[in-house]
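Enquirer: One structure coming up, written as C-alpha cells, with questions to follow.
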Amino acid sequence: MKNLWSDREARSYVRRYGRQGFGRDLALRVYTSRLLGGEPKLVLHGGGNTSVKTTVEDVAGEPVEAICVKGSGWDMAEIEPPGLPALRLEPLRRLADLKSMSDEEMVNQHRANLLDATAPTPSVETLLHAFLPAKFVDHTHANAVLALTNQPNGAKICRHVFGDRVALVPYMLSGLELSKKVMRAQRTHPEAEGVVLMNHGLVTFGESAEEAYRRTIQIVTLAERRLAERRLARGRRKSHVQAKLPVRLARPTEIAPILRGQVAADGGDGTKRFVLAYRSNRRIREHVSARDVKRLARAGNATPDHAIRVKGWPLVVPAPVAGDLDAFARGASRAVADFRKRYRAYVARQSAKVTGPIVSLDDSPRVILVPGLGLFGVGDDARAANIAADLAEATIDVVRGAEAVGRFRGIGEADQFAVEYWSLEQAKLGTGGGRPLQGQVAVVTGAAGTIGGAIAAVFRAAGAEVALLDRDASDESQGLVIRCDVTDGASVRRAYRLILEAYGGIDILISNAGAAWQGAIGEVSEAVMRKSFELNFFAHQRMAQHAVRIMQRQGTGGVLLFNASKQAVDPGPELGPYGVAKAATLTLARQYALEYGAHGIRANAVNADRIRGGLLTDAMVRRRAKARNVDEDTYMRGNLLGREVRAEDVARAFLDLALAEKTTGAVITVDGGNIAAALR
C-alpha cells in the first residue's frame, strides 16, 4: 500500500480551508480522509469513518472541546469540512460509564451533542472515536486485513502478522459495547498503533493526521506482504481450480435482459425492477469460474459494511452456452428460485430469534456470478448497481487473499441478519423517494433537441435511468449519452449494446427523433420522401423492433412511446413528406399495441403541435406569425385554450402514458385544443 502523504498537499489544504474559516486540524482531517477514501482497497462508497478531536467555538464564541467525525451520507473520497460535523466531546466520553444503551438513544445522544443541529447525522461509530484518547482516528475496511481476519483462526494469524502493533477485538455489531471494547483494548495495549476489528476492519490512531494515516498504510502493507508470501509459497489454491466451461459462451448483453427479468421482484403494487452493472476482468472471471464457486459464494460477506448492500451471498447461475439462451434462461430461473427460497428461510430463522415484527426486504439477489463471463451488480438504480458490483469485486479480492492463507469465512448468518435488518444501517441506503420509475430504464431518441431534452429530464426526475440517443451531443447530467444515427442499423445496434452493458435492459422506449421535410406532395422528389420516411417511420420501426426483443427476453412487459405529431391526423399544406410518414408511424404504434399486448408491452403515441424549439424553429414561428398578421406569442397561443404548449408539456404527456398501466393503442393530443387533430 503506497503512502500518498505530501507535505505540500497538506499545506495547500490548510491554506484552502483556512480561507473558508476552518482550522488546521479539520483541514488536515479532510486531507487524509480523502487519501483513505480514494483507495478502493481501503474503503468503498461511504464506508469507513474518520475523526479529529479539536477545539471549536460555540454560538457564544466560547471554546468547546469537540470531536469532528464523518457524517452519514458523506463519502471520504470527496468529503468536505461540513461532512465532519462537530460534537461536544466530554458528554460523549461520559457515556462509556453506561452499562447499556439502545441504538435509538445512541443516535439521540449523537444529535443532542451536535454544535449545529442542522449537520448530518454522525457515524454510528462516533462513540468508538470519542472513547479513544488519540487526536486523529482512522477506520477502514482494508481488503488485505479482512483476508487475514476472515479465517477460522483469524486471530492467531493476525497476532503472527501484526505482533504488538495492533490490539485485537472480536466481531460485534457497532454501538456502545463495541466502542467500550475498543477503548479497553487500547488501554490494555497502550503501545498499539491500531486495533483490528475481527471480520470488520482496522482502526488506527495518532496525534497527527499524518501519523494516523501512516499507521494505516503500514499495517495494511504488512497484511498485503503476508498474502503475497502465501501466494508464492502455495501457488493456486484448489478454490480457484477452474471448472470446465462451454466451448463458446453467450455474450453478456445477450444474457443481461434474461437475468434482469428474472431478478425482478413483486413490489406489491407491481413489478419491482432493478438495474444491472456488468464487470469482467481476468481476476473476476477466474473467481466466478472456479470449480467450487458456490462454496465461496455461500461463505458470507467479508465485512458487515457490505451486508446491507449485497445481501448475505451472491446468486450463481449456469455458464451460458452461445446459441442456447433458452437453456440458460431455464437454468437461471431455477437458480433464482433457489436463491429466493434460501433467503426467505434465512429471514424466517433469524426473525424468530428477535422480539418485535420484522418486515422482510425483497428476496432478489444483489450480485450475480456468471461462470466464464463475470459478474453483475443489481440495484434499485445505476448507482446502487455499480456499488454492488464494486463490493463484489472487493469481496473477490478478500476471498482470493483469504484462500491463499487458509480458508475464507465471512460473517455468520446471525451477524448478517443483525446488520442487514438494523435500522441504523438501512438508513444509510436512503430511498428513491417512491419515484414511480425507479429501477426502470428509458431510452430517448432525438435527445439533443428541445422536446427530447425535456423528455429525458422528466423521466429522470421520475426515477428512471435514461439513455439519450442523438447524432448531436446531449445533456450528460440526464443520463447515458450515446451518439447514434437512428437511420443507420449498425449505429442503432451499437447503441442498444451500450445500453445493455450500462443497465442490463430497457423498459421504456420514447421514439422521438424526427425532422419536417416539406414540399407540395405532387411535386416533391422521391428522394425527399425516402429521407423523410427513413427518419420519421423506419427509424421508429428499427428502434421498436430492437426494444421489443429485449423486453420479451426480460419477460416483464414494457412501453413503446412514439412522437406522432399533429401532421399524422391533421395534415397541413406543404408538409406532406413529413405528415404521411408520421401517419404511418401512428399506425405503427397501434400495430405494436395489437401484436404485443399479450406480452405486457404497451404502445402509445403523443400528438403535439406548435412546440417552440422542437421542429418549429424561431424562424418558422416568425414567418407563420407574419403570414397570419399576428405577433409571435399570439401565434403560439393559437389554440382553443389560448395557451402556448411547451416541450415540458409534451414530456409530461409521455410520462403519463408510461405510467398508464392499463392503456395501450392510445394517442394523447397535446396542442392546447385543435378539434381537427383531436383523437381518442
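The values are calculated or read from the model by the stated rules, or taken from the named source; none is laboratory data. Treat the numbers as computed from the prediction; the structure is a model and nothing was measured. Neighbour counts run over all protein chains shown; Cβ positions are idealised from the backbone, glycine included. Heads up: the accessible areas ignore ligands, DNA and RNA and are worked out on the full protein's heavy atoms, side chains in. Shrake-Rupley method; radii C 1.70, N 1.55, O 1.52, S 1.80 Å.
Enquirer: Identify, by number, the condition in (1) part of a loop (DSSP other than H, G, I, E, B); (2) under 26 Å from E211 (Cα atoms); (3) of a type in the set (S, T, N, Q) that T50 doesn't meet.
Expert: With (1) part of a loop (DSSP other than H, G, I, E, B); (2) under 26 Å from E211 (Cα atoms); (3) of a type in the set (S, T, N, Q) applied to T50, the lone miss is (1).
Enquirer: If you don't mind, there's one more thing I want to ask. Could you give me the residue pairs with C-beta distances under 6 Å whose first residue belongs to segment 468-491 and is closer than 19 Å to S532 by Cα and part of a loop (DSSP other than H, G, I, E, B), whose second residue is open to solvent by 20 Å² or more (accessible area, probe 1.4 Å) and of a type in the set (D, E) wherever it lies, and which are 6+ apart or on separate chains?
Expert: Filtered contacts from segment 468-491: R471/D485; T487/E534.
Enquirer: Restricting segment 373-407 to residues that are outside any helix (DSSP H, G or I) and of a type in the set (A, V, I, L, M), which is nearest to the chain's Cα centre (by Cα)?
Expert: Our first condition is that a residue be outside any helix (DSSP H, G or I); within segment 373-407, this holds for 373-381, 406-407.
After this cut, where a residue has to be of a type in the set (A, V, I, L, M) as well, the list is 373, 375, 378.
Working: L373: 21, L375: 15, V378: 8 Å.
Among them, the one singled out is V378.
Enquirer: In the list A619, A647, A660, which residue meets the criterion of being surrounded by 15 or more Cβ atoms within 10 Å (Cβ to Cβ) and either of a type outside the set (D, E) or closer than 25 Å to I455 by Cβ (or both)?
Expert: Numbers: A619 fails: surrounded by 15 or more Cβ atoms within 10 Å (Cβ to Cβ); A660 fails: surrounded by 15 or more Cβ atoms within 10 Å (Cβ to Cβ).
Only one candidate qualifies: A647.
Enquirer: For segment 597-616, state whether one or more residues are free of Cβ contacts under 8 Å to residues at least 12 places away in the same chain and closer than 17 Å to E574 by Cβ. Spell out how you get there, then give the answer.
Expert: If we filter segment 597-616 for residues that are free of Cβ contacts under 8 Å to residues at least 12 places away in the same chain, which is where we start, we get 598, 616.
Filter again for closer than 17 Å to E574 by Cβ, leaving 616.
Within segment 597-616, one or more residues are free of Cβ contacts under 8 Å to residues at least 12 places away in the same chain and closer than 17 Å to E574 by Cβ.
Enquirer: Can you find a residue that is modelled with pLDDT under 95, touching an Asp or Glu at 6+ places or on another chain (Cβ under 6 Å), over 24 Å from A464 (Cβ atoms) and of a type in the set (A, V, I, L, M) anywhere in segment 260-274?
Expert: There is no residue in segment 260-274 that is modelled with pLDDT under 95, touching an Asp or Glu at 6+ places or on another chain (Cβ under 6 Å), over 24 Å from A464 (Cβ atoms) and of a type in the set (A, V, I, L, M).
Enquirer: Of the residues that sit in segment 202-218 and are touching a strand residue (DSSP E or B) at 6+ places or on another chain (Cβ under 7 Å) and hydrophobic (A, V, I, L, M, F, W, C), which one is surrounded by the most Cβ atoms within 10 Å (Cβ to Cβ)?
Expert: The selected residue is V203.
Enquirer: Where residues in segment 579-616 are in contact with a Ser or Thr (Cβ under 6 Å, 6 or more places away or on another chain) and in a helix (DSSP H, G or I), which of them is most open to solvent (accessible area, probe 1.4 Å)?
Expert: Among them, the one singled out is G597.
Enquirer: For residues that are open to solvent by less than 100 Å² (accessible area, probe 1.4 Å) and outside any helix (DSSP H, G or I), scanning just segment 628-644, find the one that is farthest from I675 (Cα to Cα).
Expert: Restricting to residues being open to solvent by less than 100 Å² (accessible area, probe 1.4 Å) and outside any helix (DSSP H, G or I), the top hit is D631.
Enquirer: Residues N281, N199: which one is open to solvent by less than 60 Å² (accessible area, probe 1.4 Å) and under 18 Å from G374 (Cβ atoms)? Outline the logic, then answer.
Expert: Details: N199 fails: under 18 Å from G374 (Cβ atoms).
Among N281, N199, only N281 is open to solvent by less than 60 Å² (accessible area, probe 1.4 Å) and under 18 Å from G374 (Cβ atoms).
Enquirer: Report, by residue number, each residue of segment 658-678 that is part of a loop (DSSP other than H, G, I, E, B), over 17 Å from L641 (Cα atoms) and not basic (K, R). Full working, then the answer.
Expert: Restricting attention to segment 658-678, the residues satisfying the condition of being part of a loop (DSSP other than H, G, I, E, B) are 660-666, 671-674, 678.
This time we only want the ones that are over 17 Å from L641 (Cα atoms), so: 660-666.
Result: A660, E661, T663, T664, G665, A666.
Enquirer: Let me ask something else about it. Name every residue in segment 457-467 that is open to solvent by less than 10 Å² (accessible area, probe 1.4 Å) and in contact (Cβ under 8 Å) with a residue 60 or more places away in the chain, in order of residue number. Reasoning before the result, please.
Expert: Taking segment 457-467 as the starting set, the residues that turn out to be open to solvent by less than 10 Å² (accessible area, probe 1.4 Å) are 459, 462-464, 466-467.
Result: F459, A462, G463.
Enquirer: Restricting attention to segment 44-79, report how many residues are of a type in the set (A, V, I, L, M, F, W, C) and open to solvent by 10 Å² or more (accessible area, probe 1.4 Å). Before the answer, list the steps.
Expert: Restricting attention to segment 44-79, the residues satisfying the condition of being of a type in the set (A, V, I, L, M, F, W, C) are 44, 52, 56, 59-60, 64, 66-69, 74, 76-77, 79.
Adding the requirement that they be open to solvent by 10 Å² or more (accessible area, probe 1.4 Å) leaves 44, 56, 59-60, 64, 74, 77.
Residues in segment 44-79 being of a type in the set (A, V, I, L, M, F, W, C) and open to solvent by 10 Å² or more (accessible area, probe 1.4 Å): 7 in total.
Enquirer: Related question: Which ones in segment 165-184 are crowded, with 18+ Cβ neighbours inside 10 Å and in a helix (DSSP H, G or I)?
Expert: If the condition is that a residue be crowded, with 18+ Cβ neighbours inside 10 Å and in a helix (DSSP H, G or I), then L176, L178, S179, K180, K181, V182, M183 are the ones that fit.
Enquirer: Additional query: Please pick out the residue among V492, V466 that is out of contact with any strand residue (DSSP E or B) (no Cβ under 7 Å at 6 or more places or on another chain) and of a type in the set (A, V, I, L, M, F, W, C). Walk me through how you get there before you give the answer.
Expert: Details: V466 fails: out of contact with any strand residue (DSSP E or B) (no Cβ under 7 Å at 6 or more places or on another chain).
So the residue among V492, V466 that is out of contact with any strand residue (DSSP E or B) (no Cβ under 7 Å at 6 or more places or on another chain) and of a type in the set (A, V, I, L, M, F, W, C) is V492.
Enquirer: Please specify each residue of segment 120-143 satisfying the condition of being under 13 Å from L84 (Cβ atoms) and open to solvent by 20 Å² or more (accessible area, probe 1.4 Å). I'd like the intermediate steps shown before the answer.
Expert: Pass one, segment 120-143, residues under 13 Å from L84 (Cβ atoms): 120-123, 126, 129, 136-138.
Of everything in segment 120-143, those that are under 13 Å from L84 (Cβ atoms) and open to solvent by 20 Å² or more (accessible area, probe 1.4 Å) turn out to be P120, T121.
Enquirer: May I ask you to list the residues in segment 356-372 that are under 21 Å from the mean Cα position of the chain (by Cα) and in a loop (DSSP other than H, G, I, E, B)? Working first, answer last.
Expert: Taking segment 356-372 and keeping what is under 21 Å from the mean Cα position of the chain (by Cα), we get 361-370.
Passing the criteria: L361, D362, D363, S364, P365, R366.
Enquirer: From the list A130, A147, exactly one residue is assigned to a helix (DSSP H, G or I) and in contact with a Gly (Cβ under 9 Å, 6 or more places away or on another chain). Which is it? Spell out how you get there, then give the answer.
Expert: On the way: A130 fails: in contact with a Gly (Cβ under 9 Å, 6 or more places away or on another chain).
After ruling out the rest, the residue left standing is A147.
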